[in-house]
Amino acid sequence: MHILRRRGWEISESRVTPESAMLGRRGLLKAAGVLSVAGALPALAEPNAKFVAGRALTDEKYATTYNNFYEFDETKSIWKEAQALKQRPWTIELAGLVKQPRTIGLDDLLKQVQTEERIYRHRCVETWAMTVPWSGFSLAQLLAIAEPLGSAKYVVFQSAADKAAMPGLRSPYYPWPYTEGLAIDEAANDLAFMVTGLYGKPVPPQNGGPLRIALPWKYGFKSAKSIVKISFTEKRPETFWEGLNPGEYGFWANVNPAVSHPRWSQAREKLLGSGEMVPTQIYNGYGDFVAGLYEGRKGEKLFM
Ligand code: MTE
């Protein structure tokens, strides 16, 4: 297995240029004008060394051109079409069991949170995987802003459903809008990350811009893209894939190489770009952060 022992904040050789050696990454971004883009807080994010990649970074061109975003199409080649999804103005509705239901502008929200960069491994249920530098802020900070009531047990993320921009919404087969959810203690976990950036730039629409979630210990379908609404509920929500096919996709969907999908093994994964096959790890290798969440939940179908 090809493992690079790179610290979390280091960038891949492919992204290092002679110029960057002189300017440093931040200087380079500044020189490129990235830091001055309105709402481009991700570029200013501080890297967090707590989250170790353990693998080479996926080349940006693969991560941003091979995507799952069914609102555009069922194929992976949606990145061009996805540019039609306008990224500003963007608002997020905070609804359900919160102290004060309200709608907040993304740029206002970004002024209230501390941003950072994290390199996370991402494992799709279809067995492909990537390792990318997301930037954004912890979901825990958003919970503090939303102020859920004591009765709130689950958090539900709803993706945009913009019929003009997203042709896939015409398919009546799917229960639009795309929704995903977490138990509130999962949402408060350190790893749960609201993403506004990718590779030091605003996260592009095909990857769920301008706001998505990253939950690296769960299969990728749990990480809803282009989020417009966050609700708090007492009852466990029925989410998009679970509603569509509960025999194949569950609510918890934690990564586990020992629990096969009904139609394929989950023992190994294929790295985007290199095509290398590597063993899949329980909780995608993030058990130290999250295994404790499930100790009292042994009766649940935790792994699919
Ligand atoms: N969110 C929405 N709204 N629609 C989708 O189709 N696909 C999910 C998840 N979030 C999806 C979504 C799946 S299956 C995966 S693997 C990841 O997004 C893919 O994220 P990426 O394209 O940034 O790699």
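On the protein heavy atoms, probe 1.4 angstrom, tell me the percent of accessible surface of region 47-160 carried by carbon and sulfur.
Details: 2420 of 4700 Å².
The value for region 47-160 is 51 percent carbon and sulfur by accessible area.
Between the DSSP loop rule and a limit of at most 14 other Cβ atoms within 10 Å, which GluC sites (Glu not before Pro) in region 55-95 are left?
Those that pass, being in a loop and sparsely packed, are 74.
For region 13-253, what is the relative contact order in percent, using Cα pairs closer than 8 Å and at least 6 residues apart in sequence? Kindly include the intermediate steps, with their values, before the conclusion.
Working: 484 pairs, mean separation 56.5, N = 241.
Reported as a whole number, the value is 23 percent.
Which semi-axes, in whole Å and largest first, does the equivalent ellipsoid of region 51-115 have when worked out from the alpha carbon gyration tensor as the square roots of 5 times its eigenvalues?
After scaling each eigenvalue by five and taking roots: 29, 20, 13 Å.
Along its principal axes, what span do the Cα atoms of region 138-224 show, with the longest given first and each in whole Å?
Taking the Cα atoms of region 138-224, the three principal extents are 38, 34, 24 Å.
Using +1 on the beta carbon of Lys and Arg, -1 on that of Asp and Glu, and nothing else charged, what's the dipole of region 154-304 about the Cα centre, debye to 20?
So the magnitude is around 440 debye.
Give me a comma-separated list of calculated 3J(HN,Hα) values for region 229-234, in order, Karplus coefficients 6.51, -1.76, 1.60 applied at θ = phi - 60°, integers in Hz, x for any Gly or Pro.
Using θ = phi - 60°, the values come out as 8, 10, 10, 10, 9, 8 Hz.
Determine the per residue accessible area of region 13-253 with all protein chains present and a 1.4 angstrom probe, expressed in square angstrom. Don't skip to the end; give the middle numbers.
On the way: 9740 Å² over 241 residues.
Result: 40 Å² per residue.
Taking the Cα centre as origin and putting +1 on Lys and Arg beta-carbons and -1 on Asp and Glu beta-carbons, what dipole magnitude results for region 13-253, to the nearest 20 debye?
320 debye
With θ set to phi - 60° and the Karplus curve 6.51 cos²θ - 1.76 cosθ + 1.60, what are the ³J(HN,Hα) couplings of region 256-264 in order, to the nearest whole Hz, using x for Gly and Pro?
Each residue of region 256-264 in turn: 8, x, 8, 10, 6, 5, x, 10, 7 Hz.
Packing-wise, with mean Cβ within 10 Å as the measure, how do 179-189, 291-301, 271-281 rank, highest first? Write down the numbers at each step before the final one.
Numbers: 179-189: 20.2, 291-301: 11.7, 271-281: 15.4.
Highest mean packing first, the order is 179-189, 271-281, 291-301.
Looking at region 129-207, which chymotrypsin sites (Phe, Trp or Tyr not before Pro) are in a loop (DSSP not H, G, I, E or B) and have at most 13 other Cβ atoms within 10 Å?
Here the chymotrypsin sites (Phe, Trp or Tyr not before Pro) that fit, given the DSSP loop and packing criteria, are 173.
Pick out, in residue order, every one of the trypsin sites (Lys or Arg not before Pro) in region 167-276 that is DSSP loop and has at most 16 other C-beta atoms within 10 Å; say none if there are none.
In loop regions of region 167-276 (DSSP not H, G, I, E or B), the sparsely surrounded trypsin sites (Lys or Arg not before Pro) are 235, 263.
The values are calculated or read from the model by the stated rules, or taken from the named source; none is laboratory data. The structure displayed is predicted, hence computed values, not measured ones. We place every Cβ from the backbone using ideal geometry, glycine too, and count neighbours over all the protein chains shown. Areas reflect the complete protein model, heavy atoms only, side chains present, ligands, DNA and RNA absent. Shrake-Rupley method; radii C 1.70, N 1.55, O 1.52, S 1.80 Å.
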